[in-house]
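Contents: one structure, followed by commentary.
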């Protein structure tokens, strides 16, 4: 339970009205009861306040909160930013208990920092070191010689392979997998794939060969403040480590291949797949289901729209889209052209008739 | 072991021949032995009956079963529908034992209905309520205050986050993840992505900023008769709950983002990804690897072909395909036009020569 | 620790210099210390040797290793092949201990071969048979009546559903799921999807219907030397089994639907999705995020570029790309044509002015 005053202070935001009113939860305006903070951060949302019975609202700057029927209001100049503060304050969490659950299997050679919490049926292997204040959720697996920083929050069923190094405030959603072996194989002789890559499409004589495994000797290095989505996967490097830079966030079912380096403060949206040995700069945003071919370079600040397939290098600052990826404006032009293809064909037929007949 | 008569009765189907013959299993015609029910529901399958030794077949209406060498036949006017009945009858299941396995970790404040089965090393947290007859598979995790209806069937390694509400007859395949945190972040100032969305491709001055987390205060609401595939993921809502309507089926590795509402009786095929705050109607079918951008509306009865990327609203009843999604017939036209582009270019060159020279 | 002589012998490679020098690890040239084997298999990598302090290098045939400052060199005529041998030799593994961990739950009716290792909190169900020398990682699940061959290596959190049959030397990365139920449903009457498939886009009168389940009576058959990536999923067949041929390798988050047959020595790269009842030949390579529609035939030796959506049969030996998939050279032509569409449209306008005005 928080007073309007406490919330405003926490957000460093202005507030008006009865600042001693209290709220328990956040709610959308139409669902908000008298103990809820109504998220009415734009006029279109505020319209639904009548359907609920909120007394307190988070509103836009300059909103006439009294006319909305509210008894108190907190002003959010940048609404999504205020959402960050409000939701952190009101997050009820998963209820993972304090302490180490007796059913957890912790190797005597693992080191747990102060206040580490370990959920039921979690496994922590020899040589693992867990930083102070970290929460290892139920049924997690922390491999041999893993280093995990302070204040990590691992949900249920997360696994971290041997020798991974992870910074502070790491968050991983259910089923995230760090440190699987890289997908790396070789045929004894030159394969059809190698030939087709060189010739841009002709694999020559296809000879049936089996694949020999290239083992992963490297591990995964993850910076501070990194977050991984549910069931996402990050593979070990072959010789060097795969790297995820500080502040980067990976959504559900994202795949990062061996040797790849993801820079700082990147956002990889749902089901994005990065092949092996890719080099991604800082502040890169890849929309959902983006794919990146192997050995590609992507510069700082690149933005890719959803579904983009990046098959060649992308210079810093570019906004791209399409399969294969082109500049957003080129993609728009190509798409418009395709929509007009039927008319173009009819025009050409008419011209041919007029000219050649 | 079932007699032909029992199977026909169960399917409400006609049968002829020796109705007291018994079968143990279903089999494809070429593999079917004397104790198998041969799935010979179309002439092309019936041809292979000679390679096996079936005595009983599931055949099409009006089939001459005696000429096929069978001693009894069950008639299936709609073969796939009959498959539903037959396979339900003959499903051998996973052999998850009855009762609560002693290795399961069940919080004393969890409530289990009559006949609930809990597999080895499953965890059920405080406040969870499991409906009568439900089967919680080995190594599953049921979070705090989860409500799960009657007759659920959870395979191994399924996890359900805190406060999810799930209806009756829920089925989840191995590794399905309900209730991860939504992928929601905000930069302190306007980001390049926000600018690029407004300008359709120009992000202006790219300023490096870090991402602040918007926590998920909402949970997941799932109706009755919902099924989730292996390793699929459904995220919590931010303020309101993410919703999956009754009767909807999600395939393996499908992703549903925060706040999204999926209607009733939808089919989301393999690796489909739905972003946040999407509104999907009833009876929608999305082919494999479909992607849907955030804040999109998809009307009732929409069908999307495999690989479709839906980047704008789709009205009810439409059949779409492509990247970006267009009406199926438009897609076919655009594709034909593209295949003719080489010829068009040659035509234009010829015209230019004739006209301008 | 290995001598240069031992490594060269193991690789069946030539070596020169002080063959008694020893190395502990492999390293990239710039990171290599005196106890490391520097991976300097091409001139561009060898340039970085100066930044490190390697004494021993893996170099290309004919390389002047003494001029590079090395004291010994091993020659790799096919560098990636040498990587296979080197990394196998130096792989430190995951440190899964020997023997059966006391916290594992093993049904008395399961059979374990000689030297089988079972990690903490793994579950092995009744009737499962595990071949000699296999390693079942922590928190794995082996279902009822599963047959698993010799020398398997299962990482943490892998699950295998009931009745799967798997050959020798199977490897599965964390969270791989074998034997979920197939995604197979039927409506009581003809559905909009069935109609839209026949008419190529018109679903006629859309009637709202619910989906009835077709259960999976089949299981999964996996050959020898198969490897599965993290969180990848392979579904049970409906009547017959889903099949993965010997020597095939599946990357992270790959999905294989029910009844599908994958041939021998195939490579399915990251996030590839194969629908149900697909028939894939031998030595097929599908790039990352490839999708294959149901009931498709793909011949031996086919190669698909990343992001390809295969919607019709592909004959043996073809190299394809695009959505929908076409021959690589056709794709290149179509793409070039699209890039020229703007110019074409301007040409046509000019022609129309000249001819019709």
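Where a number appears in this text, it was derived from the coordinates with a stated rule and is not lab data. All figures in this text were calculated on a predicted structure; none of them were measured in a lab. Positions of Cβ are backbone-derived with ideal geometry, glycine not excepted, and every protein chain shown enters the neighbour counts.
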**Over the stretch A:252-334, equivalent-ellipsoid semi-axes from the Cα gyration tensor in Å** = 18, 13, 12
**Complete:** Each label sits 7 Å from Cα toward the beta-carbon; between residue B:80 and residue B:329 the label points are separated, in nm, by 2.4
**Taking the stretch B:246-357 and dividing mean pair separation by its residue count, relative contact order in percent (alpha carbons under 8 Å, at least six apart)** = 15
**Fill in**
In a Gaussian network model of chain C with springs linking alpha carbons closer than 10 Å, the residue among C:287, C:192, C:263 that fluctuates most is C:192
**Message:** Averaged across B:292-298, how many Cβ atoms of other chains sit within 10 Å of each residue's Cβ atom?
**Reply:** 2
**Request:** State, to one decimal in nm, how far the label point of residue B:71 lies from the label point of residue A:190, with both points 7 Å from Cα in the Cβ direction.
**Result:** 6.3
**Fill in**
Shielding of C:280-289 by other chains, given as the mean Cβ count within 10 Å, works out to 5
**Prompt:** Where the centre of each part is set by its Cα atoms, how far does the stretch B:260-298 sit from the stretch B:82-112, in angstrom?
**Reply:** 29
**Item:** Gain upon complete extension [residue B:6, residue B:18; 0.36 nm per residue less C-alpha separation]
**Value:** 3.1 nm
**Prompt:** Given the C-alpha centroids of the stretch B:334-357 and the stretch B:159-220, what is the distance between them in whole angstrom?
**Reply:** 47
**Item:** Ratio of the Cα radius of gyration of chain A to 2.2 N^0.38 Å, where N counts its residues
**Value:** 1.29
**Asked** What's the exposure ranking of B:105, A:118, going from fewest to most Cβ atoms within 10 Å?
**Response** B:105, A:118
**Request:** Over the residues of the stretch A:25-69, compute the C-alpha Rg and express it relative to 2.2 N^0.38 Å.
**Result:** 0.94
**Prompt:** If you build a Gaussian network model of chain B, linking Cα atoms that sit under 10 Å apart, which residue out of B:190, B:284, B:226 swings the most?
**Reply:** B:190
**Request:** Give me the number: length gained by fully extending residue C:64 to residue C:129, i.e. 0.36 nm times residue separation minus the C-alpha to C-alpha distance, one decimal in nm.
**Result:** 18.0 nm
**Request:** Could you line up B:181, B:168 from fewest to most neighbouring Cβ atoms inside 10 Å?
**Result:** B:168, B:181
**For the protein assembly as shown, projected area of the alpha-carbon convex hull averaged over all directions, nm²** = 48.0
**Fill in**
Helix-only [θ] at 222 nm, the protein assembly as shown, -39500 (n - 2.57) per DSSP H run of 4+, per residue, nearest 500, equals -5000 deg cm²/dmol
**Request:** Kindly state, as a whole number, the per residue volume in cubic angstrom of the convex hull around the alpha carbon atoms of the stretch B:181-312.
**Result:** 105
**Complete:** Expressed as a whole-number percentage, the relative contact order of the stretch C:36-143 with C-alpha contacts under 8 angstrom and at least six residues apart is 16
**Request:** Run the numbers on the stretch B:166-218 and let me know its relative contact order in percent, using alpha-carbon pairs under 8 Å that are six or more apart.
**Result:** 38
**Fill in**
Cα-based Rg then Dmax for the stretch C:301-357, in Å, read 16.9, 55
**Prompt:** Sorting C:312, A:230 on the 10 Å Cβ count, fewest up front, what's the list?
**Reply:** C:312, A:230
**Prompt:** Nm distances between the label at residue C:224 and the same-position labels in the remaining copies, 7 Å along Cα→Cβ, shortest first?
**Reply:** 5.3, 5.3
**Asked** For residue C:43, which inter-copy label distances result when the label point lies 7 Å beyond Cα on the Cα-to-Cβ vector, reported in nm to one decimal and in ascending order?
**Response** 6.8, 6.8
**Asked** In a GNM of chain B with a 10 Å cut-off on Cα contacts, which of B:253, B:24, B:311 has the highest mean-square fluctuation?
**Response** B:24
**Prompt:** For the residue pair residue B:151 and residue B:25, what label-to-label distance in nm results when each label sits 7 Å from Cα along the Cα-to-beta-carbon direction?
**Reply:** 2.8
**Request:** Give me the compactness ratio for the stretch A:14-111, meaning the Cα radius of gyration over 2.2 N^0.38 Å.
**Result:** 1.49
**Message:** Ordered shortest first, which distances in nm separate the 7 Å Cα→C-beta label point of residue B:343 from those of the other copies?
**Reply:** 2.2, 2.2
**Prompt:** Stretched out fully, how many nm does the piece from residue B:199 to residue B:35 gain, at 0.36 nm a residue minus the Cα gap?
**Reply:** 52.3 nm
